[in-house]
Structure formats: C-alpha cells, structure tokens
Amino acid sequence: VTEEGEASWSGRGVMDLEITQEQEEEELALEEEMRRKEGDYARQLFSLREEEAKIILEPLRAELTEALVRMGADREEAAMAAQVQSSFGDEWRVMVSSLEDQIEMRGPNVCNMLSRDRSLLLLRPERLVRFVQYMRELGFGNKALRYVLGRRPSLLSLPLYGGDGEGVSKTIAALGQCGLSRRQLLVLVTTNPGVLAVPPN
C-alpha cells in the first residue's frame, strides 16, 4: 500500500467516524424532542382529565355536601369530606340516606366514614342493609354499629357470606369456636372492629 493510499484510507476512516458521531447526535436530539413532545402531550391529557373530572364531580360533591349538612354536619366538615370523593356510584344517595335510616348515623359520623373509606359511595346500599341485619341478629344495637362502621367502614366492602372460608360470618363463627360468648364477641368487635377483617383461618 502506498503512502497516498494510506492517507486516502485514513481520511475516509475519519470521515466515516465523523458521520457516525453526527448521526448519533441527531438521533439523541430527535429522542429528546420526542420525549419533550410526549411530556407535553401527557400534561395536556392530564389537564383535560382534571377538567373533565371537575365538570362531572363538582355538582356531585356539592350535592353530597348539602346532604351531609342536612344530616347535621358542619358545612366546612361536609365540604372537606365531599371534596376527597373521586368516585360516586349509581346509588350513592341511597347509601348516604340508608346510613341514617338503618343505624341513625348522623352527618359528622358519615363525614368521618367518607374520609376513612373513599370507596364507600361505590357500594350498593344492600350491602349495608345485609350487614346491619346480620349484626343485629348477633346482638349489636345501633350505637355499637355506628361505632364499628364509623371506625371501620371498609367492613362493608367485605363479603358477608364468602366462599372458601372467607367472609365476616366465617370470622364470627371462628371466634365462637374459640369459646367466646355473644357478650364477649360484642365487646371484642366493638372495641376492635378490625378483627372482622381478619381471615378466619
């Protein structure tokens, strides 16, 4: 190979390297531009969803606030409880009124329940009715039920008569098998409602 040939080869190598670096820089710049556009799109989409949620949710939150105030809650307290709600079931109005009808739950207590469990308004009112009926058969009065559900509203989301050894009734039965009397069971559940969420096994 002549010196001229070596110089020619070396020149092409440097040129190829420079082209490669230039291509990499262009690709990096393109990727950065795509990420920026994706970020802009994501922000716009989030903003649109927030606006959509506001349009849909605000009237429902306002209606819930008024319902809680009618039940005896302070307006500010009611508004705060309503504001954290991001989902409303088809029968949320019936659920709220059923809490008052079934166990004489007042507005402040309902506000507390809503703050503890934001899925409460998605539940069907029949869940509350069945739970209250079952617990009354065990000797729980309205006062005890208000205390239990006020502290653990998520109990309404649990199956009452579940399969595979699960469910509130199965837990109650397991506690009875441990030798607890109905009076002892009443005291235990009232002081520690979370025990009903423990699997019986």
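Couple of notes before you dig in:
- Residue count for the range 109-123, restricted to those that are open to solvent by less than 60 Å² (accessible area, probe 1.4 Å) and not hydrophobic (A, V, I, L, M, F, W, C): 2.
- Within the range 95-108, being open to solvent by 70 Å² or more (accessible area, probe 1.4 Å) and either outside any loop (DSSP other than H, G, I, E, B) or of a type in the set (Phe, Trp, Tyr) (or both) holds for one residue alone: Asp101.
- Considered as a group, the residues in the range 142-151 that are in contact (Cβ under 8 Å) with a residue 40 or more places away in the chain and open to solvent by 50 Å² or more (accessible area, probe 1.4 Å) include one that is nearest to the chain's Cα centre (by Cα), and that residue is Arg151.
- So Leu57, is it among the hydrophobic types (A, V, I, L, M, F, W, C), at pLDDT 70 or above and open to solvent by less than 50 Å² (accessible area, probe 1.4 Å): yes
- Selection from the range 152-200 of residues that are part of a helix (DSSP H, G or I), in contact with a Pro (Cβ under 8 Å, 6 or more places away or on another chain) and open to solvent by 60 Å² or more (accessible area, probe 1.4 Å): Lys170
- Only one of Glu126, Glu77 that is more than 25 Å from Gly167 (Cβ to Cβ), of a type outside the set (Ser, Thr, Tyr) and in a helix (DSSP H, G or I): Glu77
- The one condition from (1) surrounded by fewer than 18 Cβ atoms within 10 Å (Cβ to Cβ); (2) under 21 Å from Ala73 (Cα atoms); (3) modelled with pLDDT of 95 or more that Glu126 does not meet is (2).
- Residues considered: Gly72, Gly139. Of these, the only one that is within 23 Å of Leu196 (Cα to Cα), open to solvent by 10 Å² or more (accessible area, probe 1.4 Å), in contact with a helix residue (DSSP H, G or I) (Cβ under 8 Å, 6 or more places away or on another chain) and not in a helix (DSSP H, G or I) is Gly139.
The values are calculated or read from the model by the stated rules, or taken from the named source; none is laboratory data. All figures in this text were calculated on a predicted structure; none of them were measured in a lab. When we count neighbours, we look across all protein chains shown, and the Cβ atoms used for this are built from the backbone with ideal geometry, even at glycine. Surface accessibility is based on the protein's heavy atoms, side chains included, excluding ligands, DNA and RNA. Shrake-Rupley method; radii C 1.70, N 1.55, O 1.52, S 1.80 Å.
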